[in-house]
Amino acid sequence: MNAVIAAIQPDIKKGLEGVIADTTAVSHVDGEVGKLYYRGYTVESLAQHRFADVAHLIVFGDLPNSSRLAEFEEYLWNAGQLPPSLFELLRPLAKTAAHPMDALQAIAPLLAAEAPSQGIGRTREENEGLVVAARLPACIAYICATRHQRAFDYSNSRRYGERYLQMLTGQRPTSSAIDVFERTQILQLDHSFNASTFTARVVTSTLAPAANALSGALGALYGPLHGRADQAALEMAEEVGTPTNAHR
């Protein structure tokens, strides 16, 4: 009898371990040998490119030539300008004690509002996702400026890393800071079907808008077993302080 019961019970995969939901051509994580690939390119080779180069590869499937890169960066710069209505929504969120990830998740479904009339994507969903991605840096920088009682100003730089760091700090970043930041972002661009990607796929499976799917992904990313692990690592590094304290 016990054998019969065991045979008809579902095989539950806690945490979806071992469950294959779909295939992806975007990235491949080979954890056993410590390798990460984006569309067949090793991440080590892509780390020598600008962030927008690799973002274009992720979204459109190829590395852009110089004219296409300029077009893509111009679009992201233009789409990244927040309309006044979004500032009105973001201002009270920025003044709360909420974690910035909470604020971003709350406003993400609205970030595609008043988007540029001319898109660069192949579909409405791609355009919507690109607008949200383009506007998130300005949202983060505005939250930071508001909480530090500093005036928020846009940057005219079309390069993603330079624009973001300048808006975030209010100062022009060094070329070294831009390179380090963009390489870090390239390393984190896509890790196959991780928790936040899976969450976004679940939301889009209901035909919900791309902005709502990204909001759900932000919620999953916030967890300490996912993206918030980076915050924990940074807090640990700040607590250690100097290399001489690392052994403690």
Sorted by Cβ density within 10 Å, fewest first, the residues ILE178, ILE20: ILE20, ILE178
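Kirkwood hydrodynamic radius, the chain, all distinct C-alpha pairs: what's the number in Å? Spell out each step's value before the answer.
Numbers: mean 1/r = 0.0498 Å⁻¹.
The answer is 20.1 Å.
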Each label point is 7 Å from the Cα along the Cα-to-Cβ direction; what then is the distance between the points at ASP62 and GLU126, in nm? 1.2
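Counting other beta carbons within 10 Å of each Cβ, put LEU189, LEU221 in order, fewest first.
Ordered by Cβ neighbours within 10 Å, fewest first: LEU189, LEU221.
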For a quick check, take a GNM of the chain with Cα springs below 10 Å and name the residue from GLY18, GLY31, GLY161 with the largest mean-square fluctuation. GLY18
Here the gain from full extension of ALA177 to GLU239, 0.36 nm per residue of separation minus their alpha-carbon distance, amounts to 20.1 nm
If I model a spin label as a point 7 Å beyond the Cα along the Cα-Cβ vector, how far apart are those points for LYS35 and GLU88 in nm? 5.4
Taking R0 as 22 Å, what's the FRET efficiency between ALA232 and LEU16 from their Cβ-Cβ distance, rounded to 0.05? 0.45
If I model a spin label at ALA47 and SER205 as a point 7 Å from the Cα along the Cα→Cβ vector, what separation in nanometres do I get? 3.5
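Kindly provide the helix-only [θ] at 222 nm of the chain, computed as the sum of -39,500 (n - 2.57) over DSSP H runs of four or more divided by all residues, to the nearest 500 deg cm²/dmol? List each step's numbers first, then the result.
Details: 12 runs with 136 residues, N = 248.
For the chain, the value works out to -16500 deg cm²/dmol.
With helices defined as uninterrupted DSSP H runs, which ones in the chain have an alpha carbon span along their own long axis of at least 27 Å and mean Kyte-Doolittle hydropathy of at least -0.5?
124-147
Values in this text are rule-based calculations from the coordinates and carry no lab data. Treat the numbers as computed from the prediction; the structure is a model and nothing was measured. Glycine gets a Cβ as well: all are built from the backbone with ideal geometry, and neighbour counts include every protein chain shown.
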